[in-house]
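Input: a single structure, listed below in structure tokens.
The values are calculated or read from the model by the stated rules, or taken from the named source; none is laboratory data. A quick note: this is a predicted structure, and the numbers were derived from the prediction, not measured. A quick note on method: Cβ atoms are made from the backbone with ideal geometry, for glycine too, and the neighbour counts reach across all protein chains shown.
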Amino acid sequence: MEKDARPSWDSPVEFLLACVSYAIGLGNVWRFPYLCQMHGGGGFLIPYLIMLFLEGLPLFCLELAIGQKMRLGSIGAWTAINPYLGGVGLASVMTSLYLCLYYNIINAWSFWYLFNSFQSVLPWAECPINSNRTGPIEECELATPTQYFFYRETLDISSSIEENGGVQTGQALCLLLAWVISYLFVVRGVKSTGKVVYFTATFPYVVLLIYLIWGFTLHGAINGVKYMFTPKMEQLANPTTWVNAATQIFFSLGLGFGSLIAFSSYNQYNNNFERQAVAVSIINSGTSIFASIVTFSIYGFKATINYESCLERTRILLLNTFDLAEDKITMDTVFEWIERLNATYPQQFAEISSKLETCDLEKELDTAVEGPGLAFIVYSEAIKDMPLPQLWSVLYFSMLLLLGMGSMLGNITAIITPLRDFKVLSSMSIELLNGIVCLFCLLLGLGFTTTSGSYWFTMFNDYGATFSLLFVVLVEVITVSYIYGSKRFEKDVEDMLGHRPNWYWRIMWKFISPLLLITVFVFYIVNYIRGGTPTYQAWNKELGQSVVTEYPVFGQVFIGLLLVSSISCIPLTALYVYCTRTKRGNRRRQLTVSTVSAEGLAP
Amino acid sequence: MLEKSLFLLCFSSALAKQLCAPDASDGYKVRLSIRTALGDQAYAWNEDELFLFRATLAFAMRNRISGQQFEVSNIIVCDETPRVSFWFVVTSPSNTSHLVDKEEVEEAIRKSRNRINSAFLLTDKTLEFLGIPPTLAAPVSPDTPPWLIVFGVVMGAVGAGIVVMLAFSVVQKKRKKDGKVVDEAVEEETRAKTTDNGAAGDGVYNMSFSDDERFTEM
């Protein structure tokens, strides 16, 4: 009977684009610019690039090599390398599952914003009017219209993780759409994914380029770019900078999820993955830098607009209080007038001093935001001030969608590929298996669309895939270098590529990358212990801003569960395999004993 | 006679000035931001503009309180500043020393706010009556929220795409099955002619043996 050959990519380009589409995700847009800002602007590039060569490239190449050699998903591949460490693959699948559950919520939010961009006035541009029609809604006045739109009209967020509410219909519908589209992309496995990645990998660059050109024409954009690129070299002395660079490279390349193993398992045996690994890693880092230039030009624009409206408000306040003619004070002369009026009318000035805001461009540029807050609040605030905001909004949120969808493809493939390696599930049609996985994730993901769902999202985002991944990749690299044997691995690579890996790869795989990973791992643990009770940002509607709140007991227990459930797969599987082997070994010994004794008695 | 009328005039204007004062209990402060609203096309504020203002306000009072004939003289203005802001009070036409209540004035202005704004080419923001918040326009809420429409379109397209894809793969599978049946029939005939070892090369690569090699390190 003929066995179906393993499906494969139609061409190596598809594999390359799939890796690019997977690795380049939202983190390049919303995490890297933040890190750049926190750790000294242009100076951050130094630790970032060093970590790329010491850690990112070797580990990326390692995972591609494993997948291409074993031609199985993560569970099968690690079981083949060493049956006791099949749990590594299982841990990868668990982490991918957690990621799939919460990552598509971001795509749902992107869809929501995208659909709401088709209006003459963007809904996050102005505060809605209260019921008396005397002014804007109070919550919106205390916060900003963009924050109000995100926290109230999009999420309808509750005031803490303990307060639950119903499922938000708008969110739920957008999540359904996100999963339906994800299903459409992966329904035929590699055959459909391979076609989709041509679009998901290239379109974001088109949008980024348009935004780059547009960004530079915006008023005040240069301030932001200048601010970003002025290096503050003293940050390099801070060890956190180096650890953050290492973690960013690590998570940005998507190591440890099993997606890379899954993707490369569909490769031809002799595919030159080494060159592709170098290409993808460099493209990924280049995109991060590119995206941060765009982000900083947008920051500069937004900061300048905020600064100028602050000046305008101060000007009006001065005019109104001292009843001066309108053209007496211009925007440039506000500061000298403040001093003059303070000197001549100190008493009156003291009365309004509480209402007087300090307008500072540096301070506006200093507000560093990361994560969904950057993507959905800061960016939409900048977009609403641009001319023809609907066009820019549609472009921007489509780009976010494609970045997010591209990463989802990798994560779903990371779950499905190992599942299909099991005999039980390989007989099922691939459409049905994909459908079941997507439906399962959709139903569980609906929990993130409730009023407290965004807090659970933050919990999953911070703890679901960070610590466990570090552990998984550490075990991976130690397994390959020491347990499987680096000589054996190099021979496998030579088998596939035709030449042995050169000294760079050998040193990195055996010594430098494991050492770096251990350092980062230890740093994480120390930080976690020193941090005390884990906290999150809860939105307080009376104050109109986020408040740092501690997780309740059940929240902390859940965090513990998240971490333990994926990490424990490794020791538990090893234990399970050990037990079944000893049982099997005993049974085999019993059989041989009985046969020998039987033979002894035979004539 | 002349002295009497002169005295009355001075007295009434003095009285008027007393009725109108900053922070008067029945008066309102008005602030105009002409340059902000009109930029280069701003008109200069002078006595004639003030006359128009008083006339407009008299119109607003007439509009609100039918029957009483408010005149320009019933609107008293004081404390003008270069900002273009001033205080005004409204006297009752029947009794010029009696001021109209604050609430009545507020209602009148609220009712005719639009007309007052248009007379000066200004808006609620640039012609401010301090203490009278503008009645904001009712928000336009369409029956179907616009996002739902776009969502419906996209969802429909994606749903159609999935149906097409599934139908395509079902059709392909059927075609393969039919093709296989025909092929098998052909193969059976050929197999009958060839030897038993004809299919030996089509074996399945058995991974289990190669797996054992990897970890039996003895």
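Within the range A:65-120, being outside any helix (DSSP H, G or I), among the small types (Gly, Ala, Ser) and more than 19 Å from A:ASP492 (Cβ to Cβ) holds for A:SER117, A:SER120.
Restrict the check to the range A:110-117 and report whether at least one residue is touching a residue at least 24 places away in the same chain (Cβ under 8 Å), over 30 Å from A:THR413 (Cβ atoms) and in contact with a Ser or Thr (Cβ under 7 Å, 6 or more places away or on another chain). Even if it seems obvious, please write down each step before you answer.
Of all residues in the range A:110-117, those touching a residue at least 24 places away in the same chain (Cβ under 8 Å) come to A:110-115, A:117.
With over 30 Å from A:THR413 (Cβ atoms) added as a condition, the list becomes A:117.
Narrowing the set further to residues that are in contact with a Ser or Thr (Cβ under 7 Å, 6 or more places away or on another chain) leaves A:117.
Looking for residues that are touching a residue at least 24 places away in the same chain (Cβ under 8 Å), over 30 Å from A:THR413 (Cβ atoms) and in contact with a Ser or Thr (Cβ under 7 Å, 6 or more places away or on another chain), one finds at least one in the range A:110-117, hence yes.
Considering only the range B:59-79, I want to know if a residue exists there that is within 14 Å of chain A (Cβ to nearest Cβ), touching a residue at least 24 places away in the same chain (Cβ under 8 Å) and either surrounded by 14 or more Cβ atoms within 10 Å (Cβ to Cβ) or farther than 24 Å from B:SER33 by Cβ (or both). Within the range B:59-79, one or more residues are within 14 Å of chain A (Cβ to nearest Cβ), touching a residue at least 24 places away in the same chain (Cβ under 8 Å) and either surrounded by 14 or more Cβ atoms within 10 Å (Cβ to Cβ) or farther than 24 Å from B:SER33 by Cβ (or both).
Is it true that some residue in the range A:124-136 is closer than 30 Å to A:LEU177 by Cα, surrounded by 23 or more Cβ atoms within 10 Å (Cβ to Cβ) and more than 9 Å from chain B (Cβ to nearest Cβ)?
Here is the first cut: in the range A:124-136, the residues closer than 30 Å to A:LEU177 by Cα are A:124-128.
Subset that is surrounded by 23 or more Cβ atoms within 10 Å (Cβ to Cβ): A:124.
Then drop every residue that is not more than 9 Å from chain B (Cβ to nearest Cβ), which leaves A:124.
Yes, the conditions are met somewhere in the range A:124-136.
Here are some residues: A:LEU563, A:LEU572. Which one is under 24 Å from the mean Cα position of the chain (by Cα) and either closer than 27 Å to A:THR95 by Cα or not aromatic (Phe, Trp, Tyr) (or both)?
Details: A:LEU572 fails: under 24 Å from the mean Cα position of the chain (by Cα).
One residue alone meets the criteria, A:LEU563.
Consider the range A:398-436 and keep the residues that are in a helix (DSSP H, G or I) and free of Cβ contacts under 8 Å to residues at least 40 places away in the same chain. The one that is nearest to the other protein chains (Cβ to nearest Cβ) is A:LEU432. Inside the range A:31-83, residues that are within 23 Å of A:PHE422 (Cβ to Cβ) and without any contact (Cβ under 8 Å) to a residue 12 or more places away in the chain make up a count of 2. Scanning the range A:83-103 for residues that are within 14 Å of chain B (Cβ to nearest Cβ) and either surrounded by 24 or more Cβ atoms within 10 Å (Cβ to Cβ) or not aromatic (Phe, Trp, Tyr) (or both) yields A:PRO83, A:LEU85, A:GLY86.
Pick out, from the range A:123-206, the helices (runs of 4 or more DSSP H) lying fully within it that include 1 or more residues that are over 30 Å from A:ASN540 (Cα atoms).
On the way: elements: A:138-142, A:145-148, A:169-186.
Once the helices (runs of 4 or more DSSP H) in the range A:123-206 are filtered for at least 1 residues that are over 30 Å from A:ASN540 (Cα atoms), what remains is A:169-186.
Taken together, the residues in the range B:38-58 that are within 14 Å of chain A (Cβ to nearest Cβ) and among the acidic types (Asp, Glu) amount to 1. If only residues of the range A:440-475 that are without any contact (Cβ under 8 Å) to a residue 60 or more places away in the chain and out of contact with any strand residue (DSSP E or B) (no Cβ under 9 Å at 6 or more places or on another chain) are counted, the one that is surrounded by the most Cβ atoms within 10 Å (Cβ to Cβ) is A:LEU474.
B:THR144 passes all but one of (1) more than 11 Å from chain A (Cβ to nearest Cβ); (2) within 23 Å of B:ASN63 (Cα to Cα); which number fails? Evaluating B:THR144 over (1) more than 11 Å from chain A (Cβ to nearest Cβ); (2) within 23 Å of B:ASN63 (Cα to Cα) leaves (2) as the failure.
Taken over the range A:354-389, residues that are in contact with a Phe, Trp or Tyr (Cβ under 6 Å, 6 or more places away or on another chain) and assigned to a loop (DSSP other than H, G, I, E, B) amount to 5. Of all the listed residues (B:PHE88, B:PHE129, B:PHE120), the sole one being within 14 Å of chain A (Cβ to nearest Cβ) and closer than 25 Å to A:THR321 by Cα is B:PHE129. For the range A:13-22, the criterion of a residue being under 18 Å from A:ILE412 (Cα atoms), within 14 Å of chain B (Cβ to nearest Cβ) and in a helix (DSSP H, G or I) is satisfied by no position. Just one of (1) more than 14 Å from chain A (Cβ to nearest Cβ); (2) surrounded by fewer than 17 Cβ atoms within 10 Å (Cβ to Cβ); (3) within 31 Å of the chain's Cα centre (by Cα) fails for B:ASN95. It is (3). Here the condition is being at pLDDT 90 or above, within 30 Å of A:ALA65 (Cβ to Cβ) and crowded, with 22+ Cβ neighbours inside 10 Å; of A:ILE282, A:ILE261, it holds for A:ILE261 alone.
In the set (1) within 12 Å of chain B (Cβ to nearest Cβ); (2) in a helix (DSSP H, G or I); (3) buried (at least 23 other Cβ atoms within 10 Å of the Cβ), the condition left unmet by A:GLU55 is number (1). For B:ALA16, the test of being part of a loop (DSSP other than H, G, I, E, B), at pLDDT below 85 and surrounded by 12 or more Cβ atoms within 10 Å (Cβ to Cβ) is failed.
Of the residues making up the range A:320-340, those that are under 19 Å from A:SER354 (Cα atoms), within 51 Å of the chain's Cα centre (by Cα) and either touching a residue at least 12 places away in the same chain (Cβ under 8 Å) or part of a loop (DSSP other than H, G, I, E, B) (or both) are A:THR321, A:VAL334, A:TRP337, A:ILE338. A count restricted to the range A:239-270 and to residues that are more than 18 Å from A:TYR98 (Cβ to Cβ), hydrophobic (A, V, I, L, M, F, W, C) and in a helix (DSSP H, G or I) stands at 6. For the range A:489-501, indicate whether the set of residues that are over 24 Å from A:PRO58 (Cβ atoms) and part of a loop (DSSP other than H, G, I, E, B) is non-empty. For the range A:489-501, residues over 24 Å from A:PRO58 (Cβ atoms) and part of a loop (DSSP other than H, G, I, E, B): absent. Look at A:ALA201 and say whether it is within 24 Å of the chain's Cα centre (by Cα), more than 11 Å from every other protein chain (Cβ to nearest Cβ), among the small types (Gly, Ala, Ser) and under 30 Å from B:GLY156 (Cβ atoms). In short, yes.
Out of A:SER513, A:SER546, A:SER486, which single residue is in contact with a Phe, Trp or Tyr (Cβ under 7 Å, 6 or more places away or on another chain) and more than 27 Å from A:TYR455 (Cβ to Cβ)?
Details: A:SER513 fails: in contact with a Phe, Trp or Tyr (Cβ under 7 Å, 6 or more places away or on another chain); A:SER546 fails: more than 27 Å from A:TYR455 (Cβ to Cβ).
The match here is A:SER486.
Within the range A:104-123, the set of residues being within 12 Å of another protein chain (Cβ to nearest Cβ) and of a type outside the set (A, V, I, L, M) comprises A:PHE111, A:TRP112, A:TYR113, A:PHE115, A:ASN116, A:SER117, A:PHE118, A:GLN119, A:SER120, A:PRO123.
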